[in-house]
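Written below as structure tokens is the structure these notes are about.
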Amino acid sequence: MDPDVWFPPQGGSVRAAKRVCRVCPVRINCLAEAMQRGELYGVWGGASEDERRQFRTARRDDNEGGVDDRGRAA
């Protein structure tokens, strides 16, 4: 496929890539590998750059136990 499907220009649509990912048998493995490597760009495992950033933030928050930067429960 055209690389632009997986790496659209900034502000471009990720719909075509997500449509392909939706039926891909290795979607979960693809996303897990991208998260492990810290991929910042493109669509991996059906997740856009913004979605993976949200996943990383949520995982970091979970690992910190819901404590804010002053050590108080969030």
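Do you know which residues across the range 1-28 are modelled with pLDDT of 95 or more and within 15 Å of residue 52 (Cβ to Cβ)? 6, 7, 14, 17, 18, 21, 27, 28 - these are the residues of the range 1-28 that are modelled with pLDDT of 95 or more and within 15 Å of residue 52 (Cβ to Cβ). The condition (being exposed (fewer than 11 other Cβ atoms within 10 Å of the Cβ) and at pLDDT 95 or above) is satisfied by just one residue among 52, 60, 37, 72: 37. Here the range 1-16 is the region considered, the condition is being out of contact with any strand residue (DSSP E or B) (no Cβ under 9 Å at 6 or more places or on another chain) and in a helix (DSSP H, G or I), and the residue that is nearest to residue 47 (Cα to Cα) is 15. Listed by first and then second residue, the pairs linking a residue in the range 1-26 that is surrounded by 11 or more Cβ atoms within 10 Å (Cβ to Cβ) to a residue that is of a type in the set (Phe, Trp, Tyr), with Cβ atoms under 7 Å apart and 6 or more places separating them unless they lie on different chains, are 7/41; 17/6. Taking residues in the range 37-48 that are within 20 Å of residue 25 (Cβ to Cβ), and partners anywhere that are in a strand (DSSP E or B) and acidic (Asp, Glu), not one pair has Cβ atoms closer than 8 Å while being at least 6 places apart or on different chains.
The values are calculated or read from the model by the stated rules, or taken from the named source; none is laboratory data. In this text, all values refer to a predicted model and were calculated from it rather than measured experimentally. No Cβ is skipped: glycine too gets one built from the backbone with ideal geometry, and neighbour counts run over all protein chains shown.
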